[in-house]
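The values are calculated or read from the model by the stated rules, or taken from the named source; none is laboratory data. It should be emphasised that the depicted structure is a prediction, and the values quoted were computed from it without experimental measurement. Heads up, the Cβs are rebuilt from the backbone with ideal geometry, glycines too, and the neighbour counts pull from every protein chain shown. All accessible areas refer to the heavy atoms of the entire protein, side chains included, with ligands and DNA or RNA removed. Shrake-Rupley method; radii C 1.70, N 1.55, O 1.52, S 1.80 Å.
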Amino acid sequence: MNKKQPYMNAGAAILFGLFGLLFFVLLFRYFSIQISGEVDGQPLAAKAQEKYSREGNLAALRGNILDRNGGVIAEDTNAYKLIAILDKKMTTNPKKPQHVKNPDKTAKELAKYLEMDESEIYSILTTGIRNKKFQVEFGKEGKDITNQTKKKIEDLKLPGITFLRESKRFYPNGVFASHLVGYADRIEQKDKTIKSIGKMGIEKILNDELTGKNGKLNFESDLWGYILPDEKEKITPAQNGNDVYLTIDQKIQTFLEDAMNKVDKEYKPQKIIAIVADPKTGEILAMGQRPSFHPKTKEGIDKGWHNEAIETSFEPGSTMKIFTLAAAVQEKVFNPNETYQSGSYQVTKKDKAIHDHNYSGWGTITYLEGVQRSSNVAFAKIAKEKLGFEKLREYLTKFGFDKPTGIDLPDETSGKIQFTYPIEKITTAYGQGTAITPIQQIQAATAIANGGKMIKPHVVKKIVNHDTGETIKSTTPEVVSTPISKETAKQVRDILETVVTSPKGTGGRYKIDGYSVAGKTGTANIPGPNGGYLQGADNYMFSFLGMAPKDDPKLIVYVAVQQPDLDGTGLGALPVSAIFNPVMKNSLQYLNIQPSKSQKAQLNKLSDFIGKSVEATEKELKAKDIETVVIGKGTKVVRQLPESGTTVLEGEKVIIQTNGDKLAPDMTGWSLRDVMKVANIAGLKLNSKGQGYVTQQNIKPKTIMRNGDFLIVDLKTPEEQWTQENQANSNGQDQSEENIEEIVQD
């Protein structure tokens, strides 16, 4: 024992010294913290504040995009993400489970409301449980859940199924000026917050204006995160993004989308580009293209990323002749009655001759007829012999073809004017070789429609504070230049009207009842992959640039359709007019633009035609502008409606019956009053549906009507027909083969 005692004393001394040292270190540390208030260079008070302070994020809304009348085109809305909690630790009361207890039942119930198979949902749940995950999500199908669907799932009271609220960008009109409006993606930031970023169109170019600034919520809490008593919340309000009002008119855009859908389905073209503009203000009222895409799902976006009207230049074809003509008229070198030899023209001895579209031409014709027939030779001679190349180049600049328009959309490109060699200068005059954009053509056309003043196009009407309604910025019309005079503009419109109205014109299919249209057809070559141009009657960019009413244009409409399936006929005017005509007519009527060819109604008292020849009767009635409908194949009138002595309005139909089979007329567009006359004469039982004018009849035209048969007709008001685009334009169908060829190849 005695021998161990010294060692024990030494060990005790060492322990005593060690604990003493630790005590003095602790004591020093205590007083040092008390005096300095810092730990490891960090303020202790700040550490405590950090531990017990809480900060919440107040999300700002992205601004709305609206049409000119306040109709919503894009907005932020609430959406929900579905989550399944799998961790058993979340359940503290077995009677009220807070995790998924029965994956089989959960999968079966969720499959009723998610676009997922039950087996797929079950696999996600069981895989998560097997891998001991706290929670699982359900991919794309589990996101963007509407409030209605959320409530239905909540009513199932499935343990462990919950939702996270998030905002999403909503485009209520679906495919609707999609490349113009663009889209916004939700992207996670470095601070883990989610932010919407514009990726195309207005969403992209005005991303800063549309993006709001998130707010904050600061408060003091206990260890468990609950707000401490008597602690005031400090709120920094969110600043919502500004609202953008476009110049687009929802109604006119719908007219355009519907017409393009119809042509896209029927003719399956490679591409469609269309623009509707107000020439007085430069406002774009509608803009669209095919292929297009849905801004929410992005379906179809892989087929076309670019806004073709803004970002793509191509050879315009004969629509370019509008501006060569305007330059010649302005310089007083265009004489419509002067004649020239059509067919071919050699610019220089080194160059190959250029030809008219029918190659051999039409002999010696006037320059007016050359415009109507879209003669390349006429415009080649105008460019070289009348205007001169230098003067033509000046006008190309005046009409804005060598620079972008500056429209308020992203990624605008410019035209590429080929004007080095004489042959290039000639072909540019009639729309070949040189490439320009559709929006450049629209801008240039405003000078023709607007008394010589060329107006810059724009799509943004105003920017408004989302919360206060205060207008931050508004766009006013901007005159870019005045390339021609008011008198020249009128003369050019008068000439372009004859392109549509003249039997020799290439624009016969673009006539619109009640409105005078001035415009020019175009058929542009398409470059091939191996140089040169594509061959084949359908391998063109068919187009029409028109304005109406001719004397005071309220609208300009440009339509281009590339490589439609026309069965090799090259009748490009068919798909182009199927867009231009209903869009122009419906838009003018929607804007309450009065028809320009209204005539005063006149009263006529009918003679007794019974016993007279059909030929003499038709001649007499035609002289009074009364339409005659003949029922039967005989040569003598045996009955008439209305009867003799009846007073009728000019233009009212008179039905005359002859002997022989009674064949049904085509009653499309007839009033019910005129249909009743046919039913009376033929002894038919009439059954009508709707009001307005006939759109369908059960007895096909030119089939025999038998006494006692039922005649059923559907009628619609003009407004119903405009919105549904049920009126098929039949203008130009009686043209000669020669004129049809001109429409094909102008």
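Taking 0.36 nm per intervening residue step and subtracting the Cα-Cα distance, what contour gain separates ASP552 from SER688 on full extension?
Numbers: separation 136, 0.36 × 136 = 48.96 nm, distance 3.96 nm.
Length difference between fully extended and current span is 45.0 nm.
Loop-only check: which GluC sites (Glu not before Pro) in the range 465-538 are DSSP coil with at most 12 other Cβ within 10 angstrom?
Those satisfying the criteria are GLU470.
Order the peptides 567-577, 418-428 from the highest to the lowest mean number of other Cβ atoms within 10 Å of their residues.
Values: 567-577: 21.1, 418-428: 18.8.
Peptide ranking by packing, descending: 567-577, 418-428.
Roughly how many whole Å is it from the C-alpha centroid of the range 356-399 to that of the range 563-642?
36 Å
I'd like the antiparallel share, as a percent to the nearest 5, of DSSP beta bridges with both residues in the range 555-699. Walk me through the numbers on the way to the answer.
On the way: 8 of 12 bridges.
Restricted to the range 555-699, the bridges split so that about 65 percent are antiparallel.
Express the carbon and sulfur contribution to the solvent-accessible surface of the range 84-124 as a percent, rounded to the nearest whole number, probe 1.4 angstrom. Provide the component values of the computation, followed by the final result.
On the way: 1300 of 2880 Å².
About 45 percent, which is the carbon plus sulfur part of the accessible surface.
Run the quick spin-label model on LYS95 and ILE14: label points 7 Å from Cα toward the beta carbon, then report their separation in nm to one decimal.
In this crude spin-label approximation the distance works out to 6.2 nm.
For the residue pair GLU478 and GLU627, what label-to-label distance in nm results when each label sits 7 Å from Cα along the Cα-to-beta-carbon direction?
Modelled inter-label distance: 4.9 nm.
Taking the Cα centre of the range 238-282 as origin, work out the dipole magnitude from +1 charges on Lys and Arg Cβ and -1 charges on Asp and Glu Cβ, in debye rounded to 20. Don't skip to the end; give the middle numbers.
Working: 6 positive and 7 negative charges, 40 e Å.
Dipole magnitude for the range 238-282 comes out near 200 debye.
Express the accessible area of the range 269-405 per residue in Å², computed with a 1.4 Å probe while the remaining protein chains stay in the model.
39 Å²
As an exercise, use a Förster radius of 41 Å and the Cβ-Cβ distance of LYS268 and ALA616 to find the FRET efficiency, rounded to the nearest 0.05.
Working: r = 50 Å, r/R0 = 1.23.
My answer for the efficiency is 0.20.
Quick one: grab the alpha carbon gyration tensor of the range 60-166, order the square roots of its eigenvalues as a ≥ b ≥ c, and give me rounded if a/c is under 1.5, else prolate or oblate depending on whether a/b is larger than b/c.
Values: a/c = 2.57, a/b = 2.22, b/c = 1.16.
Since a/c reaches 1.5 and a/b is larger than b/c, the shape of the range 60-166 is classed as prolate.
Which order do peptides 270-277, 511-518 fall in by mean Cβ count within 10 Å, highest first?
Values: 270-277: 23.9, 511-518: 20.0.
In descending order of packing, they fall as 270-277, 511-518.
Efficiency by 1/(1 + (r/R0)^6): what FRET value for LYS132 and THR471, r their Cβ-Cβ distance, R0 = 56 Å, to the nearest 0.05?
Values: r = 57 Å, r/R0 = 1.01.
With a Förster radius of 56 Å, E is 0.50.
Report the paramagnetic label zone for GLU311: residues of the range 390-424 whose backbone N is under 17 Å from a point 7 Å from Cα along the Cα-to-Cβ axis.
404-415
Keeping all protein chains in place, calculate the accessible area per residue for the range 133-219 (probe 1.4 angstrom), answer in Å². Could the numbers behind the result be given before it?
Working: 4800 Å² over 87 residues.
On a per-residue basis, 55 Å².
At ILE235 and THR149, where each label point lies 7 Å from the Cα along Cα→Cβ, what is the point-to-point distance in nanometres?
3.2 nm
Just going by the charge dipole of the range 502-592, with Lys and Arg at +1 and Asp and Glu at -1 on Cβ, which of ALA524, LEU545, LEU591 is farthest out on the positive end?
Positive-end residue among those listed: LEU591.
In Å², what does the accessible area per residue of the range 556-682 work out to with a 1.4 Å probe? Don't jump to the answer; show the numbers that get you there.
On the way: 6020 Å² over 127 residues.
Ligands and nucleic acids excluded, the figure is 47 Å² per residue.
Nearest 0.05, what FRET efficiency do ASN214 and GLU141 give at R0 = 30 Å with Cβ-Cβ as r? Don't jump to the answer; show the numbers that get you there.
Numbers: r = 28 Å, r/R0 = 0.95.
In this case the efficiency is close to 0.60.
Over its Cα atoms, what ratio of radius of gyration to 2.2 N^0.38 Å does the range 338-492 give? Walk me through the intermediate numbers first.
Working: Rg = 19.6 Å, N = 155, 2.2 N^0.38 = 15.0 Å.
Here the answer is 1.31, to two decimals.
Name the residues whose placed amide hydrogens come within less than 5 Å of the amide hydrogen of THR91, ignoring near sequence neighbours (fewer than 5 apart) on the same chain.
GLN98
Could you look at the range 292-442 and say what percent of its accessible area is carbon and sulfur, using a 1.4 Å probe and all protein chains?
Values: 2830 of 6010 Å².
With neighbouring chains kept in place, the figure for the range 292-442 is 47 percent.
Please identify every one of the GluC sites (Glu not before Pro) in the range 637-688 that sits in a loop by DSSP and has no more than 16 other beta carbons within 10 Å of its own beta carbon. Working shown, then result.
Details: sites: GLU643, GLU650, GLU652; in loops: GLU643, GLU650, GLU652.
Those satisfying the criteria are GLU643, GLU650.
Ordered by packing density, taken as the mean number of other Cβ atoms within 10 Å over each peptide's residues, highest first, how do 235-248, 94-107 rank? Please list the in-between numbers first.
Details: 235-248: 21.1, 94-107: 15.4.
Listed from highest to lowest mean packing, they are 235-248, 94-107.
Considering Cα pairs under 8 angstrom that are at least six residues apart, work out the relative contact order of the range 133-200 and quote it in whole percent.
On the way: 35 pairs, mean separation 13.0, N = 68.
About 19 percent, as a whole number.
Measuring from a point 7 Å past the Cα of GLU338 along Cα-to-C-beta, which residues in the range 377-421 have an amide N at less than 13 Å?
378-388
When the Cα centres of the range 418-444 and the range 123-150 are compared, how far apart do they sit, in Å?
58 Å
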